[in-house]
Amino acid sequence: MKTLTLRPAMPEDAASISALITDLMPYMTLDADGAGAEKFMDSMAEPAIAAYLSQPRYQYLLGFIGSALAGAVAVRDGAHLFHLFVAREFHGCGLGRQLWLAARNAALAAGNTAGFTVNASDYAFPMYQRWGFMPTGPRVEEGGIAWVPMRLPACA
């Protein structure tokens, strides 16, 4: 397992975070070219990421391998896993788990006692299941993307 150097994201990281996410769009959109998912893609563009970074309700951590941005994680309102992205070249190396644990531990230290939720893409669904998240509803297809709402109880 590769080890990440973690640090909080800053407003000037918005472009890098957006570029990381944009490269991963084919894993999230129903159509490989993103057709129909324009609103979702706009929510991952640099201006949107900069807006999230400016709000205290979003806590972002970035993970680096050397000087390369390897991943990003964000928790919204201390309880919703809002973003978790790992650069393609690091898929399967355990970096997503490292990012998740760091974000989870920070949310718990800040007072989360209610557990966590996530909207899992088809690609990420098995990973979240391995981490103990359970589906709370059926798979949803809307706006060119699909997800399964999931929850991790507080005791997990």
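The values are calculated or read from the model by the stated rules, or taken from the named source; none is laboratory data. Treat the numbers as computed from the prediction; the structure is a model and nothing was measured. Positions of Cβ are backbone-derived with ideal geometry, glycine not excepted, and every protein chain shown enters the neighbour counts. Only protein heavy atoms, including side chains, enter the accessible area calculation; ligands, DNA and RNA are left aside. Shrake-Rupley method; radii C 1.70, N 1.55, O 1.52, S 1.80 Å.
Miscellaneous remarks
- Counting the residues of region 92-107 that are open to solvent by 50 Å² or more (accessible area, probe 1.4 Å) and modelled with pLDDT under 95 gives 1.
- Conditions (1) in contact (Cβ under 8 Å) with a residue 24 or more places away in the chain; (2) out of contact with any Ser or Thr (no Cβ under 7 Å at 6 or more places or on another chain); number of the one not met by residue 56: (1)
- Residues in region 105-124 that are in contact (Cβ under 8 Å) with a residue 12 or more places away in the chain and over 12 Å from the mean Cα position of the chain (by Cα): 11 in all.
- Every residue from region 115-153 that is of a type in the set (Gly, Ala, Ser) and either loosely packed, with under 12 Cβ neighbours inside 10 Å or part of a strand (DSSP E or B) (or both): 120, 137, 146
- Region 17-35, residues that are of a type outside the set (A, V, I, L, M, F, W, C) and surrounded by fewer than 16 Cβ atoms within 10 Å (Cβ to Cβ): 22, 23, 26, 27, 31, 33
- When the residues of region 20-40 are filtered to those that are without any contact (Cβ under 8 Å) to a residue 40 or more places away in the chain and of a type outside the set (S, T, N, Q), the one that is farthest from residue 97 (Cα to Cα) is 33.
- Test: residue in region 29-40 that is under 13 Å from residue 10 (Cα atoms) and in contact with a Ser or Thr (Cβ under 9 Å, 6 or more places away or on another chain): no
- Matching option when the condition is within 22 Å of residue 50 (Cβ to Cβ) and either of a type in the set (Lys, Arg) or touching a Lys or Arg at 6+ places or on another chain (Cβ under 9 Å) (or both), among 81, 95: 81
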